[in-house]
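The values are calculated or read from the model by the stated rules, or taken from the named source; none is laboratory data. Given the structure is predicted, the values throughout are model-derived calculations rather than measurements. Virtual Cβ from ideal backbone geometry, glycine too; neighbours counted across all protein chains shown. We work out accessible area using only protein heavy atoms, side chains counted, and drop any ligands, DNA or RNA first. Shrake-Rupley method; radii C 1.70, N 1.55, O 1.52, S 1.80 Å.
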2 protein chains.
Amino acid sequence: MTSLPDIDGLLAPKSVAIIGASDDPTRIGGRPIAAMLRSGYKGRILPVNPKRETVQGVPCYASVADLPEAPDAALIAVPAKLVPETITALGEKGCKAATLFSAGFAETGADGEAAQRDLVALAAQHGLRLLGPNTLGVYNVDIGYYGTFSSSLDTGYPLPGNIGIASQSGAFGAHLGALARDRRLGSSILMTTGNEADISVADAIRWMAESDTTQVICAYMEAINDAPAFLAALDAARAAGKPVFALKAGRSAVGSQAAASHTASLTGDAAVADAVLEDHGAIVVRDPQTMMDYAYVASKRVFPKSHSLGVITVSGGAGIVTSDEAERIGFPMPAMPEAAQSRLKEILPYASPANPLDCTAQALNDPSLLETFTRAALEEGGYGAILSFLTYVAGSPALCETILEATRPLREAYPDRIIAFCALGDPEVLRRYDEAGILVFDDPCRAARALDMACRLGAARERAVRERPGALDVDLPSATPNEAEAQRLLGEAGIPAAPQDAVKSAEAATAAADRMGYPVVLKILSPDILHKSDIGAVRLNLGDADAVREAYAAIEEAVAKKAPAARIEGMLVAKQLSGGVECLMGVSRDPTFGPVAVFGLGGIFVEILNDVAMKPCPFDEETAREMILSIRGAGILQGARGQAPADIDALARMLSKLSRFAAGAGERLVSIDLNPVVAMPEGEGAFALDAVIEVEEGAK
Amino acid sequence: MTSLPDIDGLLAPKSVAIIGASDDPTRIGGRPIAAMLRSGYKGRILPVNPKRETVQGVPCYASVADLPEAPDAALIAVPAKLVPETITALGEKGCKAATLFSAGFAETGADGEAAQRDLVALAAQHGLRLLGPNTLGVYNVDIGYYGTFSSSLDTGYPLPGNIGIASQSGAFGAHLGALARDRRLGSSILMTTGNEADISVADAIRWMAESDTTQVICAYMEAINDAPAFLAALDAARAAGKPVFALKAGRSAVGSQAAASHTASLTGDAAVADAVLEDHGAIVVRDPQTMMDYAYVASKRVFPKSHSLGVITVSGGAGIVTSDEAERIGFPMPAMPEAAQSRLKEILPYASPANPLDCTAQALNDPSLLETFTRAALEEGGYGAILSFLTYVAGSPALCETILEATRPLREAYPDRIIAFCALGDPEVLRRYDEAGILVFDDPCRAARALDMACRLGAARERAVRERPGALDVDLPSATPNEAEAQRLLGEAGIPAAPQDAVKSAEAATAAADRMGYPVVLKILSPDILHKSDIGAVRLNLGDADAVREAYAAIEEAVAKKAPAARIEGMLVAKQLSGGVECLMGVSRDPTFGPVAVFGLGGIFVEILNDVAMKPCPFDEETAREMILSIRGAGILQGARGQAPADIDALARMLSKLSRFAAGAGERLVSIDLNPVVAMPEGEGAFALDAVIEVEEGAK
């Protein structure tokens, strides 16, 4: 079925043993059997229970050893203390994949954690892959396989379809499955990974990326335990053209705390995780409704090349509300070409056919208007997505056929565009549109947001995925270097500093200043003083040699007083640049994702507004430029307030170089701070005025 | 029924004449009759049609004059050209309210506008109030009155309930009605006002504020044509304890354009409208879904005093996602008291009962856990709202009764709190919770947002509505004054400037500077130069008398060159203040709402980030303080970046005074700009460093 035979047995088994099988279809050991019997699972069901001849009418085996074959999958529903011997028996039988419903492991504390580690080791001895422990299990709708005891099935079974769901949390994953079902969205797979002792959400994504039945992937994570595997799985999904909608929980203080106490894992910094997931093509969402809205649109597999929206409406009011939302989210709604507008106005004189195209309530009396307006929007407007606000009109059984006749030929003629209705009324009527390939929403703003996602994705696919540039060859010192040394290292990597010199006396300082021209900056050089300004060890705006001499003495005095133990390696004289825009660049090593670069404007933009862009290292200049332009305050760099535009090219070059430097610096790099970086006017470059490279001491 | 007899006849008539009545229940003149017959309207239906004896089985009259009585309401469904004679006939008959379905008036251009004005005048002669023209009409669910031809009824009738809807747009209003119906929310009134030649959304709100059957008001507006009436209606609704959810469309460029071409009206600036509506207690929403979510919660009429959320969950994952959303929207989720946590941990050792309170899947086996945890959250947590994530568990018919038994006693014991479920499954099962007073949502984040609204509203009700302070007595000059004069006027009103003097020579300037102490600022005084810096007519940082003299000459030269025609009234010497935070304050007269005050931080905060707060004038100091603290950059005033906190009290005093000055300045006041205002450290005051008062020239 896929090229991932290691977990094929888990997700699409031809035979399944249930250890701790129960005749009672409401018990954990009984639910999966009842579900598979109900849904016509074609594989072999092999109950194991020493006390019974049959279970729910299926012949039962006394022990794993007595099974007539090595099952593709085993479901383990025995108390925690019996799990090790069950694993051994399964391993000896030749089973390769087991789902561990049993709880009482890492989620309960240190003892449980140790027991869980032992289990993994035991399973590994036999080449047995483990799902769980503390998992609700898996289902595979296509083959009727229900290796799960989720009570979500009590309120109905999933409909078949192409949406796959992977969730660390069992109940939340099952909630997503039930949400899809209640909205009548078809799903393929639900896999909940629980404690992730072995198999993780990453494995689930990787498997679904290769599966024929899954085309859309929904993933819920509390922690990402193996980042490289996770990102590789996202890359595989992107390569397969399957969008991944990712909900990474734990962004709030309360949420993070709850996450830590929940599935025995610590969550990383949410903003970093979002940046990294998006960098690998995932679409980050924050709530189940948005996830399902997006999955619904994506399930139709139409991702238009044009990121633009045309709105057809029978209500001017709805057109306005939809336009307002489109503007808010940055979904372009260009006007129809003038010629098309004139033509439409001839057909319907009171129409306002710019965009929104208001075909008024007149469309009720004359449904050909709907066809005319929609065709014009597709053909002449060229919009990636068309959203028609038809409200209760479309929901009317009397008008359904007419509206379908008007829309179906267009649906067929423009297979690469999205056509969606905002419609209310009889669910059976609305379903007919959906079956005809027309998306149906009850809220025009939700519809606009979901269509925006699909068009953005379609437009992004038109651009090749960027090759990552290579890491630079970096020879990191064995400990945190002083600023001059940091600037030298960065300079070698092509990250420019302002003209500067390291000096050891006031005379050398004035000589250097004379050479580079005034005004200059003077600051202490010491590996022990990271925040120089705080102790008065930086002097700005020194206009002549006297000022430099005076400053030299003052800094010496301040350091002697405030940091008497610091190792002093002299001072740095640097040319003071003026007329630029202050920015900051930095890198910090995220414990999960490695070095992540940050860009922002200086001062309040970062400190008060948290207005920064982040990307995992390394990345190219084009990516760096996008980061720079993505911050809210980007207007300042582009020449707001009558200023000359800043040298964004130079900033992008510098930021990309910094990311490649960080990628090459290895695991001992803790952080880099270039603060401030001054971006001079266009063509005049960008320079780091201060640089700190923090290095973990130890063997190089 | 209400104390608004003028439109009682329109909204709750005891008799209704249909002019242009049709036997065909799908025609405009037939639909209202069919709907009223179907829904058992108890009033008298009086069809008028010269060609028929009966209409849909109801006796018909040949003309208005032939009617057996003066009808409370008339529905006019005749072509535009027949409308005037119909109005006259109705007026002569003694009818006091008519709904004008007919289109072809102001929405079609200048001719239509003139015809519409004539109609209003004609109707006024007879004391006849008009709804429309170009309206879908009105319905009143309670009495089965359907004075509307909306085809939304083809997909079902509204359920009775306490949600009233007023909408300028017919189709959008009917969409809201259908949305409520499809979500099984009960409604009382739908009134669509179309061209608003006479009766407006404001009248509808005012009527609903007094009506017994309506407790929640949803309002959709494209333009607010009579602001005082509209705001008075909002005040009436607030006084009656009825929340108004207001959707004001036309905030985007595209949206505003569409609005203008739609109901023949121009929309004001969206941010101003939002600020004014909120100032009068309305809750501004941007999409129909949010409006209905809010109306749903409000329809239960529970508005907790505590703005806090307790989350009970059977899924750790869902708890995290909900906490994340609560943090994002600023909905506090304080932790449970330690003692309560310990007690709950004894009952369920693996629970994490801080908040969210995770009672784990164990609650499935032992529903008493749900009761214990919920009771603890209500009693010991004291949360205003409880949201229980029960997902498909609650949707199960098998568990519904158990869950109801666990929750009903708590619902009764805590009538002043909200209890909500996030639940999926059988709609009939979910309805039973709703009937028991438990709110039901399918998405936990949407639920959190709606509960947040209700708790904010409840908390706000605990505070008295603030009395507006009086307008100041202002003697505005007959034309835009120069800066010295502006500062003097403002100074008299208690709005302080930095120490300053108007001078007419360089000698007088140096004398003044000597008196106030250096450094000083020097700038031109001219009523003709509003943007002094732009032409070099402001000099900062003058450190001694020589610098002042030099600057005086330089400004004279600059003005002679760049603004040779300007009337020059000397220069202003002002003490240069340093060490403060730069802010700006201003007032502008909105064409709809009158003077609106604005506060922001200086520079990029306003220019790039549009980070401002607005309020209609006048307002008190407490309100001013809230405005100041509501901007995103407020941290800067509170002492971010190691700075001393700024004198926010002084800013608030100044801003409130400014609002009272603007309120007293009358209609000739165009705008006031105090930019910059410098807020000195706490206790040291705030001062306007520049002041422009723009006055419309004309008779005082």
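Figures for the structure shown
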item	result
Residue A:101 within 30 Å of residue A:242 (Cα to Cα), touching a Lys or Arg at 6+ places or on another chain (Cβ under 6 Å) and among the aromatic types (Phe, Trp, Tyr)	no
Residue identified as touching a Gly at 6+ places or on another chain (Cβ under 6 Å), of a type in the set (Ser, Thr, Tyr) and surrounded by fewer than 24 Cβ atoms within 10 Å (Cβ to Cβ) among B:135, B:155, B:148	B:155
Number of the exception - residue A:227 against (1) more than 8 Å from chain B (Cβ to nearest Cβ); (2) in contact with a Phe, Trp or Tyr (Cβ under 7 Å, 6 or more places away or on another chain); (3) modelled with pLDDT of 95 or more	(3)
Residues of the range B:174-187 satisfying the condition of being more than 8 Å from every other protein chain (Cβ to nearest Cβ) and surrounded by 24 or more Cβ atoms within 10 Å (Cβ to Cβ)	B:176, B:177, B:180, B:187
The range A:157-173: number of residues that are touching a strand residue (DSSP E or B) at 6+ places or on another chain (Cβ under 7 Å), within 12 Å of another protein chain (Cβ to nearest Cβ), closer than 28 Å to residue A:435 by Cβ and not small (Gly, Ala, Ser)	1
Boolean, residue A:67 is over 36 Å from the mean Cα position of the chain (by Cα), part of a loop (DSSP other than H, G, I, E, B) and more than 23 Å from residue A:140 (Cα to Cα)	yes
Residue match in the range A:466-489 (condition: charged (D, E, K, R), under 18 Å from residue A:694 (Cα atoms) and open to solvent by less than 40 Å² (accessible area, probe 1.4 Å))	yes
Condition check for residue A:374: in contact with a strand residue (DSSP E or B) (Cβ under 9 Å, 6 or more places away or on another chain) and either part of a loop (DSSP other than H, G, I, E, B) or within 10 Å of chain B (Cβ to nearest Cβ) (or both)	no
Whichever residue in the range B:316-348 is out of contact with any Pro (no Cβ under 9 Å at 6 or more places or on another chain), part of a helix (DSSP H, G or I) and within 21 Å of residue A:271 (Cα to Cα) and, among such residues, is farthest from the other protein chains (Cβ to nearest Cβ)	B:329
Yes/no for residue B:71 being open to solvent by less than 30 Å² (accessible area, probe 1.4 Å) and within 14 Å of chain A (Cβ to nearest Cβ)	no
Residue in the range A:679-700 that is part of a helix (DSSP H, G or I) and assigned by TED's automatic domain parsing to the domain that holds residue A:593 present	no
Matching option when the condition is under 22 Å from residue B:201 (Cα atoms), among the hydroxyl-bearing types (Ser, Thr, Tyr), touching a residue at least 60 places away in the same chain (Cβ under 8 Å) and not assigned by TED's automatic domain parsing to the domain that holds residue B:169, among B:86, B:99	B:99
The range B:494-521, residues that are open to solvent by less than 40 Å² (accessible area, probe 1.4 Å), more than 27 Å from residue B:679 (Cβ to Cβ) and of a type outside the set (A, V, I, L, M)	B:505, B:510
Matching entry among A:490, A:439 (being aliphatic (A, V, I, L, M), over 30 Å from residue A:566 (Cβ atoms) and in contact (Cβ under 8 Å) with a residue 60 or more places away in the chain)	A:439
Some residue of the range A:385-397 being more than 11 Å from every other protein chain (Cβ to nearest Cβ), modelled with pLDDT under 95 and either under 24 Å from residue A:452 (Cα atoms) or in contact with an Asp or Glu (Cβ under 6 Å, 6 or more places away or on another chain) (or both)	no
Residue A:272 being open to solvent by 10 Å² or more (accessible area, probe 1.4 Å) and modelled with pLDDT under 90	yes
Filter result (open to solvent by less than 20 Å² (accessible area, probe 1.4 Å), of a type in the set (Gly, Ala, Ser) and either out of contact with any Ser or Thr (no Cβ under 6 Å at 6 or more places or on another chain) or part of a helix (DSSP H, G or I) (or both)) within the range B:199-243	B:202, B:204, B:209, B:219, B:227, B:233, B:237
Residues of the range A:295-315 satisfying the condition of being open to solvent by 10 Å² or more (accessible area, probe 1.4 Å) and within 11 Å of chain B (Cβ to nearest Cβ)	A:314
Output for the range A:349-371, where each listed residue is open to solvent by 40 Å² or more (accessible area, probe 1.4 Å) and within 9 Å of chain B (Cβ to nearest Cβ)	A:349, A:350, A:361, A:364
Boolean, residue A:435 is open to solvent by 60 Å² or more (accessible area, probe 1.4 Å), away from chain B (no Cβ under 14 Å) and modelled with pLDDT under 95	no
Segments classed as strands (runs of 3 or more DSSP E), wholly inside the range A:425-540, with at least 2 members that are closer than 22 Å to residue A:670 by Cβ	A:520-524
Qualifying position, being over 30 Å from residue B:439 (Cα atoms) and modelled with pLDDT of 95 or more, among B:127, B:137	B:137
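For every residue, the table says whether it meets (1) within 24 Å of residue B:8 (Cα to Cα); (2) at pLDDT below 95; (3) surrounded by 22 or more Cβ atoms within 10 Å (Cβ to Cβ); (4) touching a strand residue (DSSP E or B) at 6+ places or on another chain (Cβ under 9 Å).
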position	(1), (2), (3), (4)
B:48	yes, no, yes, yes
B:54	no, no, no, yes
B:88	yes, no, no, no
B:99	yes, no, yes, yes
